[in-house]
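Every number in this text was worked out from the coordinates using simple rules, so none of it is lab data. Owing to the predicted nature of the structure, the values given are computational and were not obtained by experimental measurement. Cβ placement follows ideal geometry from the backbone for every residue including glycine, while neighbour counts extend to all protein chains displayed.
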Amino acid sequence: MARRVFFSFHYSNDVWRANQVRNCNVVAGVDVAGFFDHSEYEEAKKKGQDAIKRMILKNLDGTSVTVVLIGSETANRPWVKFEIEESIKRKNGLLGIYIHHLKDKTGNSALFSGSKPSVPWGIEFPAYDWDKNLDRFRQEIEAAGKRSDALRNPPKSFWSR
């Protein structure tokens, strides 16, 4: 079953790295969200924080998985925090992928990996280094989707029957 995936990342630092993950074509077409056209993002930025929030919320609609692409400064970015909070509210499965070691548009990689963004206790948020293993990426997305399914459709307890 195809999962609609929202990608969260530090736009100004990591869009080049994030595109390397996106362009692997594991998630494509309408199943990709969170990759805003540069002009869409710039237009929302001009209109202020409420416009950016609306853009993010629009792109989160209909997703079941949020992949957080973790660069050297991702954990402290306010919009990444907002995207994770909204993803948790929507019961999206979370998956973190470290991308600091990928090259940016100037051919440089980050000197250190950043921290994984924090989430409330009890929220599963596994993470691994991007290794270009597309089968693993598919499997990890599906596992996150199954976590989302379990949150959205918990089994009925004996007492609620």
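Couple of notes before you dig in:
- With neighbours defined as other Cβ atoms within 10 Å of a residue's Cβ, the residues S148, S64, S157 order from fewest to most as S157, S148, S64.
- Each peptide in 90-98, 77-85 receives the mean, over its residues, of other Cβ atoms within 10 Å, and ordering these scores from highest gives 90-98, 77-85.
- Extension reserve of the R138-K89 stretch, reckoned as 0.36 nm per residue once the Cα distance is removed: 15.3 nm
- Full extension of the chain between A2 and L111 yields a length gain of 35.7 nm, computed as 0.36 nm times the residue separation minus the alpha carbon distance.
- Based on C-alpha pairs under 8 angstrom that are at least 6 apart in sequence, the range 5-152 has a relative contact order of 28 percent.
- Charge dipole (debye, nearest 20) of the chain; +1 at Cβ of Lys and Arg, -1 at Cβ of Asp and Glu: 480 debye
- With the simple model of a label 7 Å out from the Cα in the direction of the Cβ, H101 to K47 spans 4.0 nm.
- Estimated translational D of the chain in µm²/s (Stokes, Kirkwood radius over Cα pairs; 25 °C; 0.890 mPa s): 152 µm²/s
- Span-like helix ranges in the chain, DSSP H, alpha carbon extent 30 angstrom or more, Kyte mean at least -1.0: none
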